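The values are calculated or read from the model by the stated rules, or taken from the named source; none is laboratory data. Predicted, not measured: the structure shown is a model, and the values here were computed from it. Every residue, glycine among them, receives a Cβ derived from its backbone with ideal geometry; neighbour counts consider all protein chains shown. Side chains included, ligands, DNA and RNA excluded: accessible areas come from the protein's heavy atoms. Shrake-Rupley method; radii C 1.70, N 1.55, O 1.52, S 1.80 Å.
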Amino acid sequence: AQSVTQPDIHITVSEGASLELRCNYSYGATPYLFWYVQSPGQGLQLLLKYFSGDTLVQGIKGFEAEFKRSQSSFNLRKPSVHWSDAAEYFCAVGRMYSGGGADGLTFGKGTHLIIQP
Amino acid sequence: NAGVTQTPKFQVLKTGQSMTLQCAQDMNHNSMYWYRQDPGMGLRLIYYSASEGTTDKGEVPNGYNVSRLNKREFSLRLESAAPSQTSVYFCATTPLGNEKLFFGSGTQLSVL
């Protein structure tokens with residue numbers, strides 16, 4: 001069965017500092033990988049996704065993530081955080097699926113990002 | 001174009017009561033999902049419907065039933081609500097395969 005581990009439950013970063021959120025996955029084949037962000041009281045918004053090709057993927061809001069197969073990792077980074085980046089971040093993995101149907105994504109438990117002024 | 005619409009947004013139930021959460025999408029997507037979100041647990045898949053006419057159990061299906069009424073609608077039913085079902089419920093859709101999920105705004109359910 002596939003699984004996702006986000007080792008950090010909370011991370012505190014100063015505004016303007018760099019950020020790295022960790023994600024490790026367990027999956028038997030090449031997965032689809034995603035990072036979602038959830039602001040308080042809101043639904044989930046996709047930041048970026050990796051399907052294949054270039055292992056460094058760019059997303060919205062200045063985020064990027066790097067897929068490292070050898071480490072089973074898909075860490076999220078941002079060079080300089082803004083106070084508006086304070087939110088809950090979820091890494092997710094899914095099975096590559098052809099034929100139109102899909103069995104859903106498996107989410108990590110999330111990392112709560114706190115931004116200090 | 002509303003995307004994914006969930007109703008109701010908030011609901012309070014007493015233990016043993018039943019209710020149905022509704023989800024409708026106007027994106028013509030094949031696959032629909034119900035997730036629950038609990039503090040410190042992330043999102044867990046309850047049931048999904050890969051295509052119209054099919055439904056399958058996810059990670060935490062006990063205590064729930066679903067109906068894929070047509071391509072647009074996917075409902076989640078709690079037959080006899082329990083306090084352990086207090087959660088935020090999200091409906092989501094995807095067009096093909098396990099691509100980007102489009103989420104509804106959620107239903108906050110409290111079972112007393």
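Please work out the Kirkwood hydrodynamic radius for the protein assembly as shown, using every pair of different C-alpha atoms, and report it in angstroms with one decimal place.
Result for the protein assembly as shown stands at 18.1 Å.
Beta carbons within 10 angstrom, averaged per residue: use that to sort the peptides B:39-50, A:10-21, highest first.
Per-residue Cβ counts within 10 Å, averaged per peptide and sorted highest first, yield B:39-50, A:10-21.
Kindly work out what percent of the DSSP beta bridges joining two residues of the stretch A:3-116 are antiparallel, to the nearest 5.
Taking every DSSP beta bridge within the stretch A:3-116, about 90 percent pair in antiparallel fashion.
Just for the Cα atoms in chain A, what are the lengths along the principal axes, largest first, rounded to whole Å?
Per principal axis, max minus min of the Cα coordinates gives 47, 30, 23 Å.
Could you tell me the accessible area of A:CYS23 in Å² (1.4 Å probe, neighbours in place), rounded to the nearest ten?
Near enough 0 Å² of accessible area.
Filter the trypsin sites (Lys or Arg not before Pro) in the stretch A:41-117 to those in DSSP coil with at most 15 other Cβ atoms within 10 Å of their Cβ, and list the result.
none
Could I have the simple spin-label model distance between B:LYS9 and A:SER84, label points 7 Å from Cα toward Cβ, reported in nm to one decimal?
Result: 2.2 nm between the two label points.
Can you tell me, using C-alpha contacts under 8 Å and at least 6 residues apart, the relative contact order of chain B as a whole percent?
36
Determine the shielding of peptide B:29-35 by partner chains: average, over its residues, the number of Cβ atoms on other chains within 10 angstrom of each Cβ.
3
Could you tell me the distance between the Cα centroids of the stretch B:41-112 and the stretch A:11-47, to the nearest Å?
That distance is 22 Å.
What does the net charge come to around A:THR5 if you take all other residues with beta carbon closer than 9 Å to its beta carbon, with K and R at +1 and D and E at -1?
+2
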